[in-house]
1. Out of (1) open to solvent by 30 Å² or more (accessible area, probe 1.4 Å); (2) in contact (Cβ under 8 Å) with a residue 24 or more places away in the chain, what's the single condition that is false for residue 158?
2. Please enumerate the residues belonging to segment 209-225 that are open to solvent by less than 70 Å² (accessible area, probe 1.4 Å) and either part of a helix (DSSP H, G or I) or within 14 Å of the ligand (Cβ to nearest atom) (or both).
3. Go through (1) touching a residue at least 40 places away in the same chain (Cβ under 8 Å); (2) more than 18 Å from the chain's Cα centre (by Cα); (3) surrounded by fewer than 18 Cβ atoms within 10 Å (Cβ to Cβ) one by one and return the number of the condition residue 181 breaks.
4. If a residue has to be over 14 Å from the mean Cα position of the chain (by Cα) and within 16 Å of the ligand (Cβ to nearest atom) to count, how many in segment 102-148 make the cut?
5. Within segment 104-140, how many residues are free of Cβ contacts under 8 Å to residues at least 40 places away in the same chain, surrounded by fewer than 22 Cβ atoms within 10 Å (Cβ to Cβ) and in contact with an Asp or Glu (Cβ under 8 Å, 6 or more places away or on another chain)?
6. Select, from 240, 314, the only residue that is within 18 Å of residue 154 (Cα to Cα) and hydroxyl-bearing (Ser, Thr, Tyr).
7. Out of (1) in contact (Cβ under 8 Å) with a residue 40 or more places away in the chain; (2) in contact with a Gly (Cβ under 8 Å, 6 or more places away or on another chain), what's the single condition that is false for residue 275?
8. Just to be sure, is residue 232 farther than 24 Å from residue 288 by Cα and surrounded by 14 or more Cβ atoms within 10 Å (Cβ to Cβ)?
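The values are calculated or read from the model by the stated rules, or taken from the named source; none is laboratory data. Keep in mind the model is a prediction, meaning the values are calculated, not measured. Cβ coordinates were reconstructed from backbone atoms using ideal geometry, including for glycine residues, and neighbour counts include every protein chain displayed. Ligands, DNA and RNA are excluded from the accessible area calculation, which covers all protein heavy atoms including side chains. Shrake-Rupley method; radii C 1.70, N 1.55, O 1.52, S 1.80 Å.
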Amino acid sequence: MSEDKPVTDIITLTRHVLEEQRKYKDASGDLTLLLNIIQLGCKFVSTNVRKARLLNLVGLAGGAQNVSGEDQKKLDIISNEIFVNALRSSGKVSVMVSEEEEAAIIVEEGLKGKYCVVFDPLDGSSNIDAGVNVGTIFGIYRVLEDSSGNISDVLRPGREMVVAGYCMYGSSANMVISLGNGVNGYTLDNGIGEFILTHPNIKIPPRGKIYSVNEGNSKYWDEVCTEYFHSLKFPPEGKSSYSARYIGSMVADVHRTLLYGGIFAYPSDKKSKNGKLRILYECFPMAFLVEQAGGKAITGTKRVLDVVPESIHSRCPIFLGSKEDVEDVERLYQKHAQ
Ligand code: P6P
């Protein structure tokens, strides 16, 4: 909220999306409702992540039982169930892909809608015990023309998404979202249960001073990664070294990169030929957001959003962040390809 706005003129995410919807005369309101469902899921997860830290709900049941004697489920499984049930009952979704579901969920006739949602309900959940920020990552496609809603509606380039976003659960819940014309950030006001606009029109700096990569994999890196990250640590005379920041939770690492600039990478290497991060519900939404904020996202040799996933859990390498930093990597790959 800008300084001069009176407290009584609060811009919530719902209001912001409705204002956006009014720009499209044929808008049905379905996307607005769908985003409200996603907000509900994020509010639920936010509450339970906070509770989990207090009630030690995290981790496998391991014999722990809840009051009705049922085995406690891992938080990410519960989070997944909340999103799947809420999205299915919305009647706005035909296909769902979740990090927690082996196969795509094709919604039954009668409840099918115009959209497909791909999501990781609780990315980085292994970090919850340590109190590290975790998050929900999501992307939305419209069902293809003449499609009744099936797997082909999601095995598409990320550039065809209509919405991408994440919700980071930390000291507060921060939603960062793009509907294809810029990026806005919202903070959950637990008092009124609404996401309030706090970071309008996020733009990533053209170049940063931070690099974010798991250096524990450096012995497996290709020549480009070895040369590139070395150049950040041992720059030419007169240039400052970059700082290293790596949390190991994608939402937290990308959120910092988006706000402060620099580069986040999960490269392919000799151990993981396609890297670790999943294309549909990690790489695409983050690449979409970073591009919308004026940055870039590449696999090393091509734009991430131009990749076509072979299957719903396919992976790809990713370098994302400030335009000039990512272009340095791009040039190195081009040089090594000659
Ligand atoms: P590594 C979390 O498990 C995750 O999927 C991403 O959130 C994170 O960026 C990555 O894995 C961290 O992987 O191999 O560095 O521990």
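1. So the condition that residue 158 fails would be (1).
2. Listed by number, the residues that qualify are 211, 212, 213, 214, 215, 216, 217, 218, 220, 221, 224, 225.
3. (2)
4. Of the residues in that region, 7 qualify.
5. Within segment 104-140, residues that are free of Cβ contacts under 8 Å to residues at least 40 places away in the same chain, surrounded by fewer than 22 Cβ atoms within 10 Å (Cβ to Cβ) and in contact with an Asp or Glu (Cβ under 8 Å, 6 or more places away or on another chain) number 0.
6. 314 is the lone residue from the list that is within 18 Å of residue 154 (Cα to Cα) and hydroxyl-bearing (Ser, Thr, Tyr).
7. It is condition (2) that residue 275 fails.
8. Taking the combined requirement at face value, the residue satisfies it.
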